[in-house]
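Sending over a structure as structure tokens; questions will come in a sec.
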Amino acid sequence: MSNRVAIIGGGIIGMMTAKMLNQQGADVILLEKGLLGKESSWAGGGIISPLYPWRYADEISQLAQYGQQHYQSVCQGLLDETGIDPEWLQSGLLMVSHDELADAKAWASRFSANLAIINDSNSLQEIEEKINPEFQKGMWMPDIAQLRNPRTLKSLKASLEKNNIDIREQTKAIDFIKNKNNQITGVNTNKGIIDCDSVIVTTGAWSGQFAELSRIAVNVKPVLGEMILFKCEPNQLKRIILHKGRYLIPRKDGRILCGSTLELADFDKRTTDTARKELQQVAYEMAPFLKEATIEHHWCGLRPGSPNGIPYIGEHPEIQNLYVNTGHYRYGVVIGLGSIKLLLDHLNGESSFMDINDFRLDRVREPTAEFKLA
Ligand SMILES: Cc1cc2nc3c(=O)[nH]c(=O)nc-3n(C[C@H](O)[C@H](O)[C@H](O)COP(=O)(O)OP(=O)(O)OC[C@H]3O[C@@H](n4cnc5c(N)ncnc54)[C@H](O)[C@@H]3O)c2cc1C
């Protein structure tokens, strides 16, 4: 890759990419239309696992495994460098049904994942004391961890600043500037032209806005997700609980998140009473003690939805030095780290832990049932 790299989009993907490229000695400039780390990456739950991973293509599990193997040390590194703790926590994940048991077992054996089958209510309560005693069956994944999104992003931003990376907030990329050989020479922004030798697009849900990407079938749609946050004392709930596609995530300070909805709302970022009530109801079903807890916050974010959850990673087939890493959908935290590693290895001409061709921009992605429903 050539000298000056402009990264467009300052979510977790753009910020991590900037950090890693800087470590490799590149001259990086990070462009963000608003403020760093305030969109989907801020809004997410930070579970370092897909939900029901067997429902997705194996590529998702492979990317996820990379994140699962590396996040603890990445978070520790950020804490040591900045003093801001991303709060990596191995809380485990408890699913409270045996639906999809056969698929789950087959997936666990394929990926050597630690998955225990639970057959009675007492055993469920040994894992999570505060779970609704009416649940009788479950699947337990003790290795699953989480991080706390706003803190991770704060820590990442502090790291970028410490390393003097050129950050331009409130700077919206409008289009790409190319020479007669169809090679990138700059980015046109609302603040003028920024010269660079290559561009990496990490604009999340907004990635479809670039004609050069939509033209080659990069199909990223915003899929809105709403979350609510309960204020509780520490250690009331210890495990991530998953039930009917909704989850509870206990943070270190006691707060408990409940998420998340899947809604196609274009770019309309508004929360609704319907979603709040629905999340509240399912939270009470999972952990009845929450009926006594105050709801402190209710928010939403726009996931970068690719039709089958497989992100778009790699080079533009026609424009030289234009690269993309987007469309991580519901799992940009867990699969993001692996996607960045894959792209950077490709840029450095090195072999990687997966074949980047599986994620190429013009690979057709058939929409999954979940995506059609959203
Ligand atoms: C409710 C919810 C729960 C989630 N839970 C989880 C979870 O538990 N685990 C998990 O792994 N994932 C989860 N996710 C998904 C995950 O958060 C996303 O996949 C991930 O944050 C995507 O990162 P990103 O950097 O691509 O996008 P973003 O964080 O949205 O960043 C993209 C950035 O690009 C900027 N941008 C856009 N266009 C331009 C432009 N033209 N010029 C300059 N800047 C631009 C935007 O302002 C934005 O800051 C969740 C998401 C939501 C909404």
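Read the figures in this text as sums done on the coordinates, not as results from a lab. None of these values were measured; they are calculated from a predicted model. When we count neighbours, we look across all protein chains shown, and the Cβ atoms used for this are built from the backbone with ideal geometry, even at glycine.
Would you kindly calculate the translational diffusion coefficient of segment 25-177, applying Stokes-Einstein with the Kirkwood radius from alpha carbon pairs, for 4 °C and a viscosity of 1.567 mPa s, and quote it in µm² s⁻¹ without decimals?
72 µm²/s
Using only the Cα atoms of segment 97-194, build the gyration tensor, take square roots of its eigenvalues as a ≥ b ≥ c, and label the shape rounded, prolate or oblate: rounded if a/c is under 1.5, else prolate if a/b is larger than b/c, else oblate. Working shown, then result.
Values: a/c = 3.96, a/b = 2.46, b/c = 1.61.
Taking the square roots of the gyration eigenvalues as a ≥ b ≥ c, segment 97-194 is prolate.
A further question follows. Give me 243, 316, 297, 98 ranked fewest to most by other Cβ atoms within 10 Å of their Cβ, as a rough exposure proxy.
Working: 243 20, 316 23, 297 12, 98 15.
Listing 243, 316, 297, 98 from fewest to most nearby Cβ atoms yields 297, 98, 243, 316.
Return the sequence-ordered ³J(HN,Hα) values of segment 112-117 in whole Hz as given by the Karplus equation 6.51 cos²θ - 1.76 cosθ + 1.60 applied to θ = phi - 60°, using x for Gly and Pro.
Values per residue, Gly and Pro as x: 6, 8, 7, 9, 9, 9 Hz.
Relative contact order for the chain using alpha-carbon pairs under 8 Å, separation at least 6, rounded to a whole percent? Provide the component values of the computation, followed by the final result.
Working: 844 pairs, mean separation 81.8, N = 374.
Over the chain, the number comes to 22 percent.
To continue, here is another question. Using the Kirkwood formula over every pair of different C-alpha atoms, what hydrodynamic radius in Å results for the chain? Let's see the in-between values first.
Working: mean 1/r = 0.0473 Å⁻¹.
Its Kirkwood hydrodynamic radius stands at 21.2 Å.
With the cut-off at 31 Å, tell me which of the pairs 172/231; 162/244; 19/178; 162/221 have Cα atoms farther apart than that.
On the way: 172/231 36 Å; 162/244 43 Å; 19/178 26 Å; 162/221 34 Å.
Violating the 31 Å Cα-Cα cut-off are 172/231; 162/244; 162/221.
Multiplying the sequence separation of residue 110 and residue 299 by 0.36 nm and subtracting their Cα-Cα distance, what value in nm do you get?
Details: separation 189, 0.36 × 189 = 68.04 nm, distance 3.65 nm.
Roughly 64.4 nm would be gained on extension.
Rounded, prolate or oblate: pick one for segment 1-53, where a ≥ b ≥ c are the square roots of the eigenvalues of its C-alpha gyration tensor, a/c under 1.5 means rounded, and failing that, prolate if a/b is larger than b/c, else oblate.
On the way: a/c = 3.29, a/b = 1.70, b/c = 1.94.
Judged from the Cα gyration tensor, segment 1-53 comes out oblate (a/c at least 1.5, b/c at or above a/b).
Right, here's the next one. Which of 246, 330 has the fewest other C-beta atoms within 10 Å, and how do the rest follow up to the most? Intermediate values should be presented prior to the final figure.
Numbers: 246 19, 330 26.
With the sparsest Cβ surroundings first, the list reads 246, 330.
Please give the peptides 33-43, 304-314 ranked by average Cβ packing (other Cβ atoms within 10 Å per residue), highest first, as a rough proxy for protection.
Values: 33-43: 20.5, 304-314: 23.6.
Top to bottom by mean Cβ count within 10 Å: 304-314, 33-43.
Turning to a different aspect of this structure: Rounded to whole Hz and in sequence order, give me ³J(HN,Hα) for segment 3-13 from the Karplus expression 6.51 cos²θ - 1.76 cosθ + 1.60, θ = phi - 60°, writing x for Gly and Pro.
So the Karplus estimates, Gly and Pro as x, are 4, 9, 10, 9, 9, 9, x, x, x, 4, 5 Hz.
Exposure proxy check: 135, 230 ranked by fewest other beta carbons within 10 Å? Walk me through the numbers on the way to the answer.
Details: 135 21, 230 24.
Taking fewest neighbouring Cβ atoms as first place, the list is 135, 230.
Going by amide H atoms built from the backbone, whose H comes under 5 Å of the H on residue 4, apart from near neighbours?
It is 197, 198, by chain and number.
Then there's this: Going through segment 237-285, which chymotrypsin sites (Phe, Trp or Tyr not before Pro) have at most 12 other Cβ atoms within 10 Å and a DSSP loop state? If you can, show how the numbers build up before the last one.
On the way: sites: 247, 267, 284; in loops: 267.
Here the chymotrypsin sites (Phe, Trp or Tyr not before Pro) that fit, given the DSSP loop and packing criteria, are 267.
Something else now. Calculate the all-directions average of the projected area of segment 286-374's alpha-carbon convex hull, and give it in nm². It would help to have the intermediate numbers written out before the result.
Values: hull surface 35.1 nm².
Mean orientational projected area (segment 286-374, Cα hull): 8.8 nm².
Cross-link candidates for residue 157: which aspartates and glutamates have Cα within less than 15 Å, leaving aside residues fewer than 8 places away along the same chain?
32, 39, 80, 81, 85, 166, 169
To check you understand DSSP bridge types, tell me what percent of the beta bridges within the chain (both residues inside) are antiparallel, rounded to 5. Don't jump to the answer; show the numbers that get you there.
Values: 44 of 63 bridges.
Here the antiparallel bridges make up roughly 70 percent for the chain.
Across segment 67-123, how large is the tail of the calculated P(r) beyond 20 Å, expressed as a percent of all Cα pairs? Numbers along the way, then the final one.
Details: 760 of 1596 pairs.
Above the 20 Å cut-off, segment 67-123 has 48 percent of its Cα pairs.
Around residue 309, which amide H atoms from residues at least 5 apart in sequence, or from another chain, sit under 5 Å from its own amide H, with H modelled in the peptide plane?
Hits under the 5 Å cutoff: none.
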